Structure formats: C-alpha cells, structure tokens
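Remarks on the structure that follows.
The values are calculated or read from the model by the stated rules, or taken from the named source; none is laboratory data. This is a predicted model, so every value here is computed, not measured. No Cβ is skipped: glycine too gets one built from the backbone with ideal geometry, and neighbour counts run over all protein chains shown.
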Amino acid sequence: MPVFRDDPNRVDPELTALPRGSAVSEVARQMTTLIADGTFAPGSRLPPERQLAESLGVGRSAVREALAALEILGLVSVRPGSGTYVRDSMSELLPTTLSWGLMLSAAHTAQLSEVRGALEVQAAVQAAERIDDTGLEQLRTHLAAMEASTGDLQAFIEADAAFHRQVAAAAGNDVMDDLLQTVRSLLRVWVDRGLRSQEQAETACREHRAVYDAVAARDADAAGRAMGAHMRTAGDRVEHTEPTSGGVLSR
C-alpha cells in the first residue's frame with residue numbers, strides 16, 4: 001500500500017467515488033480507512049477539500065464536515081493557512097472502533113453513554129488515589145473556568161471537557177485514558193450536546209465541584225460516588241437528545 005507524504009496528486013487512485021446520496025459518515029469512513037491502513041501516513045498532509053470532493057464525487061461541504069469529525073476524533077489536525085494533517089500520534093484503539101462508531105444508532109449511543117459513565121467513575125476513583133499537587137492545581141483551574149463561564153456554553157463545554165481529561169490523566173492508566181478519549185469523541189460527534197441552558201451548566205458545576213472536593217481530599221469512594229452522580233445526570237441529557245438528521249456531525 002503506497003504511503004502519501006505531502007503529494008496530493010497521488011491520492012486519486014486510492015479514493016473511490018461514493019454513490020449519490022451517501023451521508024457524510026461514508027466520506028469519514030473512507031478517509032478513516034486510508035488513515036488507519038497507513039495510506040495517509042502520520043504527519044502527512046491531506047489533499048485539499050476540492051480535490052477530495054472531486055475524487056469522492058461529493059460536494060465540498062460533505063468533505064468539510066467529514067474532516068471536522070475526524071479532527072474532533074483526534075485523527076487529523078487543521079493548521080490554518082497550511083492544510084489538514086494526519087496526527088503523528090493517536091490511540092491505537094481509536095481506528096478499530098471507528099468502523100462501528102460512525103454508525104451509532106440512538107440505542108447504541110445510550111449504551112456508549114453507560115460505558116463512558118463506568119470509565120469516568122473508575123478514573124475518578126484512581127485520580128483520588130494517585131493525583132499529585134500539579135494535577136490537582138490543573139483540575140482546580142478547569143473547575144474555575146467552568147464556574148466562570150456558565151453564561152457562555154461553548155466556553156463551558158470546553159472547560160468541562162478539559163476537567164474530565166485531567167481526571168483521566170491523573171488516574172495514571174493510559175489504556176483507560178485512550179478508551180475515554182474514544183468514547184467521548186464518538187458521543188461528541190454523533191450526539192448534539194445535551195447542555196443547552198445556564199441552569200444545566202450551573203448544575204454541572206455543582207457536580208464537578210463535588211468530584212473535585214473528593215479528589216482533593218484523596219477520598220476515592222467519595223470521588224466515585226460524585227462522578228457517578230454526575231454521569232447519571234449527563235447520561236439523562238444524552239438519552240433525551242435527538243441526533244441531527246442523517247447522522248451528520250453536530251456542533
């Protein structure tokens with residue numbers, strides 16, 4: 001299998017035109033396959049949107065949305081003024097889950113939310129046992145950012161995600177961290193964010209504060225209970241959120 005390194009003109013033979021009416025998920029699937037099998041090597045630049053659209057036989061908007069999904073999943077990174085590049089490193093678990101993850105139904109999304117909840121609880125338990133002072137300070141910074149941005153939901157969501165990433169990092173288990181990254185990414189791609197009001201953000205803040213207090217006290221049992229309570233609230237929001245029509249990336 002050839003490996004393309006900053007040579008967009010050589011990619012056409014590897015791309016297959018998609019049937020009329022194919023969803024954005026099909027564009028993402030084909031691109032994911034080429035990344036996973038090494039056709040697009042780590043660090044290489046992808047062809048421009050226009051060329052990809054022509055090769056795949058789809059509109060540029062479909063390519064744009066598919067690449068946005070792959071960026072959220074951590075497979076590619078966009079460098080303004082330069083192009084879209086395959087990330088140099090990514091979880092080895094991620095490509096193997098994408099083949100089914102991009103086709104998640106509503107039922108599977110709810111089940112995936114349950115898996116995430118279990119992993120988040122375990123991460124909180126281990127974080128309480130293993131976090132160091134530096135990690136605790138970073139966690140406090142993310143919590144403060146959440147509390148300061150309840151009126152700006154986009155900023156709040158970003159701070160919320162950073163808080164959970166810090167908990168997972170503090171747990172000290174790379175495999176669990178990778179699994180959580182994958183699960184969170186898939187939920188973010190296919191489910192519209194359930195957080196829709198300042199009231200919900202304030203509730204989430206209180207739940208995150210409880211997690212932080214337990215982790216700071218190095219109380220593993222309390223950390224697990226606090227994260228479990230938060231995951232139940234978050235899971236309810238996911239289950240009562242309708243995905244966007246056609247499974248297209250929601251932002």
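Per-residue answers, yes or no, for (1) more than 28 Å from L75 (Cβ to Cβ); (2) surrounded by fewer than 17 Cβ atoms within 10 Å (Cβ to Cβ):
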{"site": "A148", "(1), (2)": "yes, yes"}
{"site": "D160", "(1), (2)": "no, no"}
{"site": "H164", "(1), (2)": "no, no"}
{"site": "L179", "(1), (2)": "no, no"}
{"site": "A214", "(1), (2)": "yes, no"}
{"site": "R218", "(1), (2)": "yes, yes"}
{"site": "A226", "(1), (2)": "yes, no"}
Long-range neighbours under 8 Å by Cβ, at least six apart or interchain, first residue in contact (Cβ under 8 Å) with a residue 12 or more places away in the chain and farther than 14 Å from I157 by Cα within region 194-214, second surrounded by 14 or more Cβ atoms within 10 Å (Cβ to Cβ) and of a type in the set (D, E, K, R): R209/E147; Y212/R140; A214/R225
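Take the residues in region 181-192 that are of a type outside the set (A, V, I, L, M, F, W, C) and crowded, with 17+ Cβ neighbours inside 10 Å, then tell me which one is modelled with the lowest pLDDT.
Taking region 181-192 and keeping what is of a type outside the set (A, V, I, L, M, F, W, C), we get 181-182, 184-185, 188, 192.
Narrowing the set further to residues that are crowded, with 17+ Cβ neighbours inside 10 Å leaves 181-182, 184-185, 188.
Working: Q181: 82, T182: 78, R184: 81, S185: 72, R188: 67.
Checking each candidate, the answer is R188.
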